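Only one structure is covered here, and it is reproduced in the block below.
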Amino acid sequence: MYSSATATISSIKTTISPNPKPTKKNPFFPFEKINLRSFSSFKSLKCIHSPPSNPKPSNYSPLTCTAVTFSPSHTTELVPSKLHHLITEFKSLSQPIDRVKRLLHYATLLSPLPDSSRVDSNRVMGCTALVWLEAQLDKYGKMMFWADSDSEITRGFCACLIWVLDGALPEEVLKVTTEDLAALNIGLHGGARSRVNTWHNVLVSMQKRVRILVAEGDGKKDFDPFPSLIVSSDGVQAKGSYDEAQARYLFPDESKVQEIVNVLKEKKIGVVSLSYMDPEVQGILTAAQKHWPHIHISDSLVMADSAVEMAEGGCKFITVLGVDFMSENVRATLDQAGFGEGLLHLCKLSSLTPHLRQKLTLKSLFLQGICAGDTMGSTNGLVSPPGKRPLLSFGVISDVQYADIPDGHSFLGVPRYYRHSIHVLQRAVQKWNSHQNLNFVINFGDIVDGKCPPGQSLDAVKKVNNEFQKINGPVYHLIGNHCLYNLPRDKLLPLLRIPGLNGLAYYDFSPTPEYRIVVLDGYDISAIGWPQGHSKTLQALEFLEKKNPNSDKNSPAGLLGLERRFVMFNGAVGREQLEWLDGTLQDATKLKQKVIVCCHLPLDVVASSQEALLWNYDEVMNVIHQYNCVKACLSGHDHKGGYSVDSHGVHHRSFEAALECPPNTYAYGHIDVYDDRLLLFGTDRIQSTEMCFNP
Ligand SMILES: Nc1ccn([C@@H]2O[C@H](COP(=O)(O)OP(=O)(O)OC[C@H](O)CO)[C@@H](O)[C@H]2O)c(=O)n1
């Protein structure tokens with residue numbers, strides 16, 4: 001395992017091509033960003049690559065100068081060094097989409113393989129796209145690789161791997177592990193050794209070729225490939241029940257096929273679908289392809305390229321059926337091809353569980369996707385139960401934390417987009433207002449960040465509140481720690497029209513006879529928000545003094561497990577509020593109402609980080625668990641989002657923060673409320689969640 005480069009950048013010198021620009025003759029000089037001039041001490045570097053002996057077209061110049069090696073007889077040390085460069089480069093790109101774009105850039109620098117090399121015997125098995133790989137040992141006993149793919153993203157992966165491994169000794173190639181590539185932080189969905197990891201598949205294939213070449217050199221025999229399908233003169237026999245199930249559905253009900261074709265044609269929807277997600281979907285879509293060409297089903301990264309063809313062919317929507325990272329790939333590839341925001345609607349329907357599939361037709365699936373989708377917004381896979389109307393619907397958003405300051409990071413280094421977050425809110429308001437039946441919106445707190453420059457707090461709060469006031473309906477605000485960093489309670493509560501007594505911000509309302517919404521004030525006992533010397537401030541400080549030995553009470557350093565919640569940016573529900581909660585739940589029980597509890601601070605250890613919990617979440621949950629009426633507890637504060645169902649069947653959902661949405665991505669949603677479930681339809685960062693319970 002390579003831990004880091006063994007040669008420092010400044011100690012390496014190269015005499016590689018004086019003209020590092022890719023040309024037809026010397027097409028592959030992939031990493032312009034790597035400053036080869038700074039390689040300074042190796043004495044006799046030279047390009048030793050020559051084309052393989054098998055015939056190539058005359059204009060084919062296989063990666064002529066990719067191999068930069070020290071001397072023929074020594075271990076090069078260049079593999080770890082190049083790996084280090086590559087990792088540094090990809091690490092500098094914080095956004096996944098930028099990393100995909102960088103891969104796409106490198107793909108353009110990789111020479112295509114001629115048709116004579118794009119043959120089955122050169123295929124990389126198990127890869128999600130078609131990948132062809134050739135390898136040879138040169139006269140110095142060093143490896144030379146060539147690769148190509150039908151997917152541009154995969155060509156990017158190949159370009160990177162070739163750049164790292166070309167010119168290395170066989171043992172150096174064999175020493176690299178997929179884990180060494182993990183820090184590149186791209187293409188690792190499903191884990192380092194997952195079948196969808198192109199790095200892994202291509203690397204393993206390169207290593208297999210190395211072993212074969214070395215074995216051949218030693219006069220040993222090649223090994224046979226392992227088949228997953230048995231192909232014989234009697235036909236194709238699937239190995240395994242899943243393949244068999246897929247094969248059955250390849251003859252689907254013609255009426256279902258026609259129904260889908262009509263929807264896709266009418267709405268101009270292109271579909272890219274992972275082949276392994278649902279056999280029936282695959283069967284219907286495969287048959288529909290004959291009538292509507294803009295359908296691509298595969299288990300391949302080339303799906304992203306096919307989306308571009310669909311857009312060029314006039315599709316107005318691209319629906320991606322499959323995993324989330326595939327939507328990212330499709331979006332990056334569409335962006336790169338000039339089909340950016342506004343030109344095309346991308347709907348991702350990712351979490352298509354069998355449970356959900358049973359309840360809907362494919363037609364409703366596509367229509368739902370389009371209705372809820374925006375450029376990257378999505379239903380994230382949820383669909384309403386057919387034939388049922390929600391009792392009520394409400395919008396949700398959390399942790400906008402707007403400030404007119406440049407992008408930054410959380411204490412733990414998570415990127416924060418202070419200016420973009422208000423655009424997230426604006427987009428949410430636009431979407432909520434276009435919803436026909438939204439009853440109200442709940443803001444889960446922290447509307448302005450504590451880093452808002454001194455003197456600008458009031459204006460910033462007003463600015464964000466002004467956006468909330470554009471909502472065509474009531475807005476219910478919760479207060480969070482960042483609200484209180486900016487304004488004291490006596491200013492904040494009237495501004496946001498928060499009902500409550502004595503500066504406290506807990507209240508309840510019943511928007512429909514069947515339901516009650518209970519809003520808790522998690523900073524009732526808190527060292528922030530109350531005036532200095534106020535009994536609640538003193539109570540909180542005394543409590544923190546006992547529980548947190550750090551001089552900086554915002555720091556959980558040294559606190560263990562659940563104790564880590566005893567930090568100043570959290571707070572507690574006071575005794576009176578607990579009694580009020582008890583009475584309110586009693587009342588709701590009498591009225592046979594179901595209850596949704598809302599609090600900025602999360603109340604469940606599974607749905608939240610330990611550091612984000614309400615100090616006395618356990619006391620609050622003890623009250624809640626005495627009744628059967630509470631069906632869900634919703635919160636913000638934890639930013640990354642979480643979901644759990646506790647031992648009493650209460651659902652807990654903490655929402656993903658608007659603040660942490662990179663530009664052009666969003667985090668808001670709406671919840672459809674039924675007698676037996678809540679359906680959270682999340683957009684982008686907010687994962688959709690189906691919360692079912694006994695009516
Ligand atoms: N480990 C930590 C975490 C934070 N701080 C400091 O505390 C202040 C508030 O932190 P911040 O992350 O801004 O609070 P949020 O409400 O946005 O988020 C809550 C977390 O997500 C809960 O997990 C700030 O000054 C931090 O620097 C700290 O010292 N040590």
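Computed quantities for the displayed model
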item: Any hit, the stretch 556-564, residues being without any contact (Cβ under 8 Å) to a residue 40 or more places away in the chain, small (Gly, Ala, Ser) and out of contact with any helix residue (DSSP H, G or I) (no Cβ under 8 Å at 6 or more places or on another chain); result: yes
item: Selected residue (criterion: surrounded by the most Cβ atoms within 10 Å (Cβ to Cβ)) from residues of the stretch 651-678 that are part of a strand (DSSP E or B) and within 16 Å of the ligand (Cβ to nearest atom); result: Ser654
item: Top-ranked residue of the stretch 266-300 - restricted to ones that are small (Gly, Ala, Ser), within 17 Å of Met326 (Cα to Cα) and touching a Leu at 6+ places or on another chain (Cβ under 9 Å), ranked as modelled with the highest pLDDT; result: Gly270
item: Any hit, the stretch 521-531, residues being more than 34 Å from the chain's Cα centre (by Cα) and aliphatic (A, V, I, L, M); result: yes
item: Long-range neighbours under 6 Å by Cβ, at least six apart or interchain, first residue touching a residue at least 12 places away in the same chain (Cβ under 8 Å) and open to solvent by less than 10 Å² (accessible area, probe 1.4 Å) within the stretch 609-635, second acidic (Asp, Glu) and within 16 Å of the ligand (Cβ to nearest atom); result: Ala612/Asp638
item: Some residue of the stretch 560-577 being more than 10 Å from the ligand (Cβ to nearest atom), within 17 Å of His482 (Cβ to Cβ) and either of a type in the set (D, E, K, R) or more than 28 Å from the chain's Cα centre (by Cα) (or both); result: yes
item: Selected residue (criterion: surrounded by the fewest Cβ atoms within 10 Å (Cβ to Cβ)) from residues of the stretch 589-608 that are under 21 Å from Gly395 (Cβ atoms) and among the β-branched types (Val, Ile, Thr); result: Ile596
item: Residue list for the stretch 433-455, filter: away from the ligand (no atom under 16 Å from the Cβ) and touching a helix residue (DSSP H, G or I) at 6+ places or on another chain (Cβ under 9 Å); result: Leu438, Val441
item: Residue in the stretch 78-91 that is modelled with pLDDT under 90 and not in a helix (DSSP H, G or I) present; result: no
item: Test for His648: is it assigned to a loop (DSSP other than H, G, I, E, B), within 18 Å of Leu520 (Cβ to Cβ) and within 11 Å of the ligand (Cβ to nearest atom); result: no
item: Residue match in the stretch 624-645 (condition: under 15 Å from Cys599 (Cα atoms), of a type outside the set (Ser, Thr, Tyr), touching a helix residue (DSSP H, G or I) at 6+ places or on another chain (Cβ under 9 Å) and assigned to a helix (DSSP H, G or I)); result: yes
item: Verdict on Ala588 being within 16 Å of the ligand (Cβ to nearest atom) and in contact (Cβ under 8 Å) with a residue 12 or more places away in the chain; result: no
item: Hits in the stretch 640-650 - residues which are β-branched (Val, Ile, Thr) and either under 19 Å from His482 (Cβ atoms) or surrounded by fewer than 21 Cβ atoms within 10 Å (Cβ to Cβ) (or both); result: Val645
item: Matching residues, the stretch 613-645, being within 11 Å of the ligand (Cβ to nearest atom) and farther than 18 Å from Val396 by Cα; result: Leu613
item: Unmet requirement for Ala557, which otherwise passes all of (1) surrounded by fewer than 18 Cβ atoms within 10 Å (Cβ to Cβ); (2) assigned to a loop (DSSP other than H, G, I, E, B); (3) more than 13 Å from the ligand (Cβ to nearest atom); result: (3)
item: Residue tally, condition touching a strand residue (DSSP E or B) at 6+ places or on another chain (Cβ under 8 Å), of a type outside the set (Asp, Glu) and within 16 Å of the ligand (Cβ to nearest atom), over the stretch 388-418; result: 12
item: The stretch 532-551, residues that are part of a loop (DSSP other than H, G, I, E, B) and either closer than 14 Å to Leu601 by Cβ or open to solvent by less than 80 Å² (accessible area, probe 1.4 Å) (or both); result: Gly533, His534, Asn548, Asn550
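One line per residue, one yes/no per condition, for (1) closer than 21 Å to Arg685 by Cβ; (2) touching a Phe, Trp or Tyr at 6+ places or on another chain (Cβ under 8 Å):
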| residue | (1), (2) |
| --- | --- |
| Cys598 | yes, yes |
| Leu601 | yes, yes |
| Glu619 | no, no |
| Ile624 | no, no |
| Val630 | no, no |
| Ser635 | yes, yes |
| Lys640 | yes, no |
| Ala657 | yes, no |
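Residues are listed down the side, and each one gets a yes or a no for (1) of a type in the set (Gly, Ala, Ser); (2) open to solvent by less than 10 Å² (accessible area, probe 1.4 Å); (3) in contact with a helix residue (DSSP H, G or I) (Cβ under 7 Å, 6 or more places away or on another chain); (4) not in a helix (DSSP H, G or I):
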{"site": "Asp98", "(1), (2), (3), (4)": "no, no, no, no"}
{"site": "Leu110", "(1), (2), (3), (4)": "no, yes, yes, yes"}
{"site": "Ser121", "(1), (2), (3), (4)": "yes, no, no, no"}
{"site": "Ala129", "(1), (2), (3), (4)": "yes, yes, yes, yes"}
{"site": "Arg155", "(1), (2), (3), (4)": "no, no, yes, no"}
{"site": "Ala168", "(1), (2), (3), (4)": "yes, yes, yes, yes"}
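One line per residue, one yes/no per condition, for (1) of a type outside the set (A, V, I, L, M, F, W, C); (2) within 16 Å of the ligand (Cβ to nearest atom):
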| site | (1), (2) |
| --- | --- |
| Asn481 | yes, yes |
| Ile517 | no, no |
| Ala527 | no, yes |
| Gly533 | yes, no |
| Lys546 | yes, no |
| Lys553 | yes, yes |
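The values are calculated or read from the model by the stated rules, or taken from the named source; none is laboratory data. Computed from a predicted structure; not experimentally measured. Heads up, the Cβs are rebuilt from the backbone with ideal geometry, glycines too, and the neighbour counts pull from every protein chain shown. Just so you know, the surface numbers come from the protein's heavy atoms only, side chains and all, with ligands and any DNA or RNA stripped out. Shrake-Rupley method; radii C 1.70, N 1.55, O 1.52, S 1.80 Å.
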